[in-house]
Each structure stands twice: as structure tokens, then as C-alpha cells.
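Participant: Dumping the structure here so I can ask a few things about it.
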Amino acid sequence: MRQLRRYAGAALVTVLLLTGCPARDDGYRAGAADAGDPYVPGSGNGGYNVGDYRLRVRYDPATDRLTGQATVTATTTAKLSRFNLDLAGLTVDSVRVDGADARHRQDGAELVITPAHRLDSGRRFTVDVAYGGVPAPVTDGQLGSGGLLATADGAVALGQPVSASTWFPVNDHPSDKATYDIEVTVPDGLAALSNGVPKGRTSTGGWTTWRWVEATPMASYLTTLVIGDYRVETSTHAGKPMVTAVAAALPADGPAAASLARTGAVVDFLASRFGPYPFDSYGGIAIADDRIRYALETQSRPVYGPGFFRSGANGNVIAHELAHQWFGDSVSVARWSDIWLNEGFATYAEWLWEEHDGGRTAQRNAELQYAVTDWSRPSVDPGRSGLFGDAVYKRGALAVHALRRTVGDDTFFRILRGWVAERRGGNATTDDFVAYAEGVADRPLKPLLDAWLIGTGAPTPL
Ligand code: ARG
Ligand code: ZN
């Protein structure tokens, strides 16, 4: 075999010499243009993993213009002749790789970078990108829109599964988590909120720069930028900074403010069930722009659309988004088809909170949900258009409850706490969860979870 390969190699070299082929294969390749996740074609890239994003952005609400300087520190996972970042709707002025000017071109939402020197595998490198323009959300017929949206008083960058690439160059897929150091410069008097620990602000020449540091790996869709007129409150909770902000357009003593004020109490309740809170800051942001019809578990500081507080205070949505800090943010999906691992647990956390708060029991919520569940739709691999559907949220929560009733409370909460501890800061799949649960319970659980997650008929009720 070895002999044969040597002959084949010699023959190939001969052919190349004879034909004078210039494409001598030295193993350097272009990194893939996406992460290979069929739910988000084009999103993410291959050939490297990002460790850190250092973002310096300036946003002027008078012109909707954003200018940015991003430093991306990454490590190659292959020999690269070139690689991509995702950037949608903004124009790149210059790119440097390890300080040297690099060739670049933009092809739709792909920024294609050819460094002056090719990159060996396993090598750390930095990419500096200077860019700017008027950001616009990206719209997807099935999933709605996501990304930086100009508002009456500023802007909100928010979205799932895609948002980040509308305001910075990014490997835009949850499988590549990274730390962030974000500075946002806005006109004096406006707030500029983001993820993580507040690192103060400085003003000069009519502009104020707010700095935020998220030192625990974060999936790109969990980044946010909220600029505008906000009542910002900074405090300390359980020894960590807590920043809550309520849009000035919402009443100071209204239901949004009252709901956000429960953040500490809700987070403590969830920590009593799931184990230690996984990040080093807390908070929440209530926005007034009703074009945003959802809340999102942006890391350490969820963003809530105004609709949740229309008919009074709402503890459930707070519990939902804060539960995601464990399920989704700390332990993240590796591919979007497993999104029930986020939404099923966050919905179940609403049921736990409701029971704790003196409302319906989790068992009652499960019974009500069981009666209306459409068993023809699976929780796992729900399809792109089903990403935020009941099969993911509600059927997913039912599967969590079924697990609890089957293994008992003690084992159930040991599974949950152990899972988020073991996978903290990383990524996981449905199979990983099933295998982990079976290990803790010391019994087969796949048949049960398959029946509740993907079976096409109603499972035996609980
Ligand atoms: N993950 C969010 C939540 O469950 C929902 C986001 C909905 N996104 C959307 N584009 N509609 O809290
Ligand atoms: Zn959710």
C-alpha cells in the first residue's frame, strides 16, 4: 500500500512537472464560507475559531451612520490561504491581518480576506477591520428580521438567529463563541447599552463612550447594542454588577419597570434550581419600539419588547429570558435544529417560576399543554419556519416535564444542574443531553425522550 502510494505520488509529481501546473497542492485552502448549518445558509465560516472580539463603534442617530473598528482574535483550525467573516450591509475600508494590510472583497454578506501571508493550522492571528455605513436589519421571510434597527431616539441591534453581522464583522454562528470588549460612542445624553460588565464611560467633544466587557464566551446572536433615551439603573446583585434600563418612553412606575425590578429575585430563584448563575453581570433592557415583538436572551442582559408588558407586569417573560442564561447562553446549541434545548427549558422555567410565584403548578401547565399539543410537529429539527414554534417551546417544555416525572425530582434537578455545570460556556446537541441524562439517572431515557420530542402520536399522559 505504502509502495503503491509512493508510485502514485511520483506519477503525480511527474504529471505536474510535465504540465507545468502552477497549482501545486501545498494544503492551504480557503476557509468555508459558512458553518454548514442548513438553518442559516451563509452564516458562520470555516477554518478558524474566534477567541475575542474587540469592537469600537460610533453611532450617530442623526444620520443613522455607524463607523466601526473591529479587532478579531482567532485561531486557525486548518491551513488557510484565505477566510471569510460575515458582514451585512456595511462597507469595509481596510483589513489588516497580524498588522499587515490584507486584500479583501465583499460578496453579499461575506467579507473575503486574503492575508499577505498564508496561515498555518493552529495559529493565532488577529484581524483588524475598519468599516462603516448605515446599518439595516436583514430580513428573512420565514424568520422575520434581525439586526441593527434605527429607532426614534437611537438604535437596537437584536435578532435570532442573525443580528451581529449587521453591526460588526463576525463568525456569525453559535458554534463559535467568544469573549467581547465593546466600546460604543454616542452623542452625550444617550445611553449605549450592551452585554456584560459596565466599564464606565468617558465624554469628549459632545460624544460619550460606554464600555462593556463580556468575559464569558458568548454566541454572536446574543450580542446586543441598545442606544437611546433610557433610565439606566446600576446596582450590585449577589456581588456582581446589575444594569437595568427602561426606555424613557415607558412610564417610570409602569409594568415594564416593575417587571425588570424583579430580575434579582427571579435570577436567585432560578439559581436555586439550576445552580450558580453563569455570568459576571446581570440586568435587562425594556425597549419601547413595538416593531420588536419578542424578547431575546441577550447574554447577561436580556432585551424585552414592549408587548410583554402591555397588560401589566410579567414575571414569566423575565423567568424565560433569565433561564436562557443557563440554557442557550452558557450552554449553547451547536446547530439551530437543536433549539428546543434552549426554548423547551426556558419555557419550563416559566412553569417553575409560575408555581413558585403562587400561580399554576408546573404539573397543571403540563396537563393544559398536553391537551393542545400537535404531535405531528417535532421539537428536534423543527424546520426553519418552526424555529420559534410551539413544537420547540411548548412540546419541548412538556418533554422536560416528562423527564422530571419519570426520573423523580431529585434525579431531574441533578441532571439539570450537572448538565449546565459540565457544559458551561460551551455547545451541546440533543444527543449530548440524552446521553448525559441517561448517565445521571443510570437508566435508558432515549425511548422516553424520543416519544415526547419527536414521536408522531401522543405519548402516555403523565
Ligand atoms: N429566543 C427568543 C425567546 O424565546 C425568541 C426570539 C424570537 N425571534 C424572532 N426573530 N422572532 O425569548
Ligand atoms: Zn426563549
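All of the numbers you see were taken from the coordinates with simple rules; none came from a lab. Small disclaimer: the values here were computed from a predicted structure and weren't measured. Cβ placement follows ideal geometry from the backbone for every residue including glycine, while neighbour counts extend to all protein chains displayed.
Participant: Quantify how much of the Cα-Cα distance distribution of region 290-353 extends past 15 Å, in percent. Provide the component values of the computation, followed by the final result.
Facilitator: On the way: 1016 of 2016 pairs.
Distances greater than 15 Å cover 50 percent of the Cα pairs.
Participant: How would you rank 433-443, 265-275, highest first, on the average number of other Cβ atoms within 10 Å across their residues?
Facilitator: With the highest mean Cβ count within 10 Å placed first, the list reads 265-275, 433-443.
Participant: Give me the compactness ratio for region 130-191, meaning the Cα radius of gyration over 2.2 N^0.38 Å. Let's see the in-between values first.
Facilitator: Values: Rg = 12.9 Å, N = 62, 2.2 N^0.38 = 10.6 Å.
The value comes to 1.22.
Participant: Distance from the Cα centre of region 213-279 to that of region 164-194, in angstrom?
Facilitator: One Cα centre to the other: 17 Å.
Participant: In nm, to one decimal, how far is the ARG384 label point from the SER272 one, both placed 7 Å along Cα→Cβ?
Facilitator: 4.4 nm
Participant: Separate question: Test of understanding: what is the full-extension gain from ARG364 to THR429, defined as 0.36 nm times their sequence separation minus their Cα-Cα distance? Before the final figure, lay out the partial values.
Facilitator: On the way: separation 65, 0.36 × 65 = 23.40 nm, distance 2.88 nm.
Here the answer is 20.5 nm.
Participant: If you take the charge dipole of the chain about its Cα centre, with +1 on Lys and Arg Cβ and -1 on Asp and Glu Cβ, which of GLY122, GLY358, GLY239 is farthest toward its positive end?
Facilitator: GLY122
Participant: Label point 7 Å out from ASP107 along Cα-to-Cβ: which residues of region 64-98 have amide N under 20 Å?
Facilitator: Those under the cut-off are 77-97.
Participant: May I ask you to sort LEU296, LEU119, LEU158 by Cβ crowding, counting other Cβ atoms within 10 Å and putting the fewest first? Let's see the in-between values first.
Facilitator: On the way: LEU296 21, LEU119 24, LEU158 28.
By the 10 Å Cβ count, ascending: LEU296, LEU119, LEU158.
Participant: Per residue, how big is the convex hull around the C-alpha atoms of the chain? Give it to me in cubic angstrom, could you? Mind dumping the intermediate values first?
Facilitator: Details: hull volume 79.6 nm³, N = 462.
With only Cα atoms used, the chain gives 172 Å³ per residue.
Participant: Can you give the convex hull volume of the alpha carbon atoms of region 234-286 per residue, in Å³? Write down the numbers at each step before the final one.
Facilitator: Working: hull volume 3.9 nm³, N = 53.
In region 234-286, the Cα convex hull volume per residue is 73 Å³.
Participant: By how many nm would the segment from ASP280 to SER121 grow when fully extended, if each residue of separation counts as 0.36 nm and the alpha-carbon distance is taken off?
Facilitator: Values: separation 159, 0.36 × 159 = 57.24 nm, distance 3.27 nm.
Stretched fully, the ASP280-SER121 segment lengthens by 54.0 nm.
Participant: What net charge do the residues around ALA70 carry, taking every other residue with its C-beta under 14 Å from that of ALA70, with Lys and Arg at +1 and Asp and Glu at -1? Intermediate results must be reported in sequence, preceding the final value.
Facilitator: Values: positive: ARG54, ARG56, ARG58, ARG96; negative: ASP52, ASP86, ASP93, ASP128, ASP172, ASP181, GLU183.
Its environment carries a net charge of -3.
Participant: Using only Cα atoms, what is the ratio of the radius of gyration of region 359-428 to 2.2 N^0.38 Å?
Facilitator: Working: Rg = 13.8 Å, N = 70, 2.2 N^0.38 = 11.1 Å.
Rounded to two decimals, the normalised Rg is 1.25.
Participant: Neighbour counts of other C-beta atoms within 10 Å: give me LEU250, LEU322, LEU149 arranged from fewest to most.
Facilitator: Going from least to most buried by this count: LEU250, LEU149, LEU322.
Participant: Do you know the relative contact order of region 87-194, to the nearest whole percent, from alpha carbon pairs under 8 angstrom that are 6+ apart?
Facilitator: Numbers: 166 pairs, mean separation 24.7, N = 108.
Averaging sequence separation for qualifying contacts and normalising by length gives 23 percent for region 87-194.
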